[in-house]
Every structure is written in structure tokens, then in C-alpha cells.
Amino acid sequence: MQGCDGSVLLESTPGKASERDHPANNPSLRGFHVIDEAKAQLEAECPHTVSCADILAFAARDSANKVGGINYAVPAGRRDGRISIRDEASQLPLPTLNADQLIANFRQKGLSADEMVTLSGAHSIGVSHCSSFSHRLHSFNATFPQDPSMDSRYATSLKPKCPPGSDNTVPLDASTPNRLDNRYYTELKNHRGLLTSDQTLLGSPSTRPMVLTNAKHSSVWARKFAKAMVHMGSIDVLTGSQGEIRTRCALVN
Ligand code: HEM
């Protein structure tokens, strides 16, 4: 993980597996063709000017606007990296981490605990493969057949969607799966967080007050989300003469 330099967009080459092919990203990451199409249009109009790293940051901004009505301006000028190493994606946080582990993971990139909780609100949209949470449903531990921090009716509703051995996908936020909003935090209050890394934010005393505030004040959360997205999009960027402006986002020039 090189930072916000589009390294995640690079395809593996013979003998050099890229971040895209780390199990944390493959098969989860999708929509690469959308970035490729934006890039093709930009190259046609204005060649060699807008980096893939900027396109990705703009796409995140436009998605937040489209599915959440959240508006923010993104500084531009990132340049594209030429390096992508599969094993570096192991720095990504696992869905099994607890709140303190998540705080430490985000801190390594300069993001605060409040930013981590605020950004986790992105799990208000999208899906997860069963493999990321099915251990919570089936033979959880010696004492509990399923994770006691998950509402039992919610667990019952998930089981048929994730029979052992399957790897289907289910919505991360069962209440408003296609809307970026603070209902994610209400769901956590109702013990309907899908991933351990979601539900732990309510369970841990260090993050619980943040969850409760975000659940209560939708516009406060939306403002914090916008700000944290801009901050996250500034991590380890390349500027000036560093890196390059790729011609195609999946390949170095
Ligand atoms: C707090 C630590 C985080 C963990 C442990 C985590 C983990 C995960 C996992 C396991 C999935 C499901 C992947 C799959 O099974 O296909 C997922 C999906 C997703 N995550 Fe996170 N994530 C975290 C933070 C974030 C942040 C900061 C954002 C963005 C601001 C984000 C945005 C998303 C989105 C939009 C999806 C749905 C993707 C889709 O529908 O294909 N996550 N995350």
C-alpha cells in the first residue's frame, strides 16, 4: 500500500503480484472499468494531465454525492505511482479486528479514532462476502453457537444467505443498503452490524460515544465524513515530479 497514488489500480504483471490481487482486495474490489472509462475520456480530451489517483478520489467524491447527498471539494494534483506490491495490502485492517486494533491501524496512517469511526460509516452502502463474517453465525465458540454481540434475529436472517461453504454477498447495512447515511450507526445500536469490525465500535468504551453521536446527528456525521475523506485522500500522495501521469490506469507507462 503505497498511499493515494493509484497503486491499487495496477494489474499484476508476470512474477509481480500487485495490491489488487491481495485477498483483502480480490474479489472484493470492483468497478475498475468505471475508472478506466473516465480515464479514456480524459485522455481523449486532455491527454497526460489528470492522474488515476485523482480520478479515484473524484469518483469517491461523486459517489458520496450521488448516494448520500454529501458534498465536498477534493484537492487535485496527485500523481500516479509506479509500484504496487501485493503483500503490502496486508496493512489493510481485517474485518475481525476489535476497536483498539482498528484505532491503532488507522493511527499508523495518521487518522484519528474519531475519523476511523466516521469513515466506517461508508459501510452504510455496499456488500460483504460471507467469508468476512460467517464465523459469527456458525459455531462461534465453546460457549456461544453464534456471536452474542449480534442480534439473534439478524443472525437467523443471515444464515440461509450464508450457508457453510458458500461465499455469497449480503448488504453491509440491512436497513438502507444503497444510501450513504448515518443509519449504519443506528444499526450498530441495534446489534445489526455485519462485521466484527463494525459491531465492536459500539461494544468498545473508547468508540461507543462516537457511534452514539453519529447515530443521533446525521448532519454532524456527514460533515465529519466529508472532512475525513479529504484527509484520507491526502495520505502519502505523490506530487511535483514524483511518479507519473499514467496513460491507462491498470498499467504503468
Ligand atoms: C474500519 C476498518 C475497515 C474494515 C475492517 C473494512 C472491511 C471491509 C470488508 C471486509 C468489506 C467486504 C469486502 C467483501 O467481502 O467483498 C468491506 C466493504 C466495503 N468497505 Fe470497508 N472496511 C473498513 C473501512 C472502510 C472505509 C474507511 C471505507 C471508505 C471510507 C470503506 C468502504 C467500504 C465499502 C464502500 C464497501 C462495500 C464494497 C462493495 O460493495 O463492493 N471501508 N469493508
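The values are calculated or read from the model by the stated rules, or taken from the named source; none is laboratory data. Every value quoted in this text rests on a predicted model; they were computed, and no experiment measured them. Cβ sites come from the backbone with ideal geometry, for glycine too, and all protein chains shown count toward neighbours. Quick note on the areas: whole protein, heavy atoms, side chains included, nothing else; ligands and nucleic acids left out. Shrake-Rupley method; radii C 1.70, N 1.55, O 1.52, S 1.80 Å.
Residue 175 - would you say it is modelled with pLDDT of 95 or more, touching a Phe, Trp or Tyr at 6+ places or on another chain (Cβ under 9 Å) and in a loop (DSSP other than H, G, I, E, B)?
Spelling it out, residue 175 is indeed modelled with pLDDT of 95 or more, touching a Phe, Trp or Tyr at 6+ places or on another chain (Cβ under 9 Å) and in a loop (DSSP other than H, G, I, E, B).
Within the range 193-205, can one find any residue that is open to solvent by 70 Å² or more (accessible area, probe 1.4 Å) and modelled with pLDDT under 95? Even if it seems obvious, please write down each step before you answer.
Initially, the range 193-205 is screened for residues open to solvent by 70 Å² or more (accessible area, probe 1.4 Å), giving 205.
From the residues that got through so far, the ones that are modelled with pLDDT under 95 too are none.
No: zero hits.
Looking at the range 21-63 only, could you name the residues that are charged (D, E, K, R) and either outside any helix (DSSP H, G or I) or open to solvent by less than 30 Å² (accessible area, probe 1.4 Å) (or both)? Break it down into steps so the answer makes sense when it comes.
Keep residues of the range 21-63 that are charged (D, E, K, R), which gives 21, 30, 36-37, 39, 43, 45, 54, 61-62.
Matches in the range 21-63: 30, 39, 54.
Cβ-Cβ distance below 6 Å, separation of 6 or more or different chains: which pairs start in the range 79-100 with a residue that is over 10 Å from residue 2 (Cα atoms) and end on one that is near the ligand (Cβ under 8 Å from one of its atoms) and open to solvent by less than 80 Å² (accessible area, probe 1.4 Å)?
Close Cβ pairs satisfying both conditions: 92/24; 93/102; 93/105; 95/132; 95/195; 95/197; 97/197.
I'd like the full set of residues that are of a type in the set (Lys, Arg), within 22 Å of residue 93 (Cα to Cα) and part of a loop (DSSP other than H, G, I, E, B), limited to the range 178-217.
192
Residues are listed down the side, and each one gets a yes or a no for (1) at negative phi; (2) away from the ligand (no atom under 12 Å from the Cβ); (3) open to solvent by less than 40 Å² (accessible area, probe 1.4 Å):
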residue: 72; (1), (2), (3): yes, yes, yes
residue: 83; (1), (2), (3): yes, yes, no
residue: 94; (1), (2), (3): yes, no, no
residue: 130; (1), (2), (3): yes, no, yes
residue: 136; (1), (2), (3): yes, yes, yes
residue: 162; (1), (2), (3): yes, no, yes
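Restricting attention to the range 123-141, which residues are outside any loop (DSSP other than H, G, I, E, B), in contact with a Leu (Cβ under 7 Å, 6 or more places away or on another chain) and not polar (S, T, N, Q)?
The first filter runs over the range 123-141 and keeps only residues outside any loop (DSSP other than H, G, I, E, B), leaving 123-125, 127-132, 134-136.
Add one more test, that the residue is in contact with a Leu (Cβ under 7 Å, 6 or more places away or on another chain), and what stays is 123-125, 127-128, 132.
Selection gives 123, 125, 127.
Could we say that residue 234 is in contact with an Asp or Glu (Cβ under 7 Å, 6 or more places away or on another chain) and in a loop (DSSP other than H, G, I, E, B) here?
Values: in contact with an Asp or Glu (Cβ under 7 Å, 6 or more places away or on another chain): no; in a loop (DSSP other than H, G, I, E, B): yes.
Considered against the rule, which asks whether it is in contact with an Asp or Glu (Cβ under 7 Å, 6 or more places away or on another chain) and in a loop (DSSP other than H, G, I, E, B), residue 234 comes out as no.
Quick one: how many residues across the range 96-112 are part of a helix (DSSP H, G or I) and either within 9 Å of the ligand (Cβ to nearest atom) or closer than 17 Å to residue 184 by Cβ (or both)?
Step one: of the range 96-112, the residues part of a helix (DSSP H, G or I) are 99-107.
Within this subset, residues satisfying the condition of being either within 9 Å of the ligand (Cβ to nearest atom) or closer than 17 Å to residue 184 by Cβ (or both) are 99, 102, 105-106.
Of the residues in the range 96-112, 4 are part of a helix (DSSP H, G or I) and either within 9 Å of the ligand (Cβ to nearest atom) or closer than 17 Å to residue 184 by Cβ (or both).
Just to be sure, is residue 172 within 12 Å of the ligand (Cβ to nearest atom), within 30 Å of residue 2 (Cα to Cα) and either small (Gly, Ala, Ser) or in contact with a strand residue (DSSP E or B) (Cβ under 7 Å, 6 or more places away or on another chain) (or both)?
Answer is yes for this residue.
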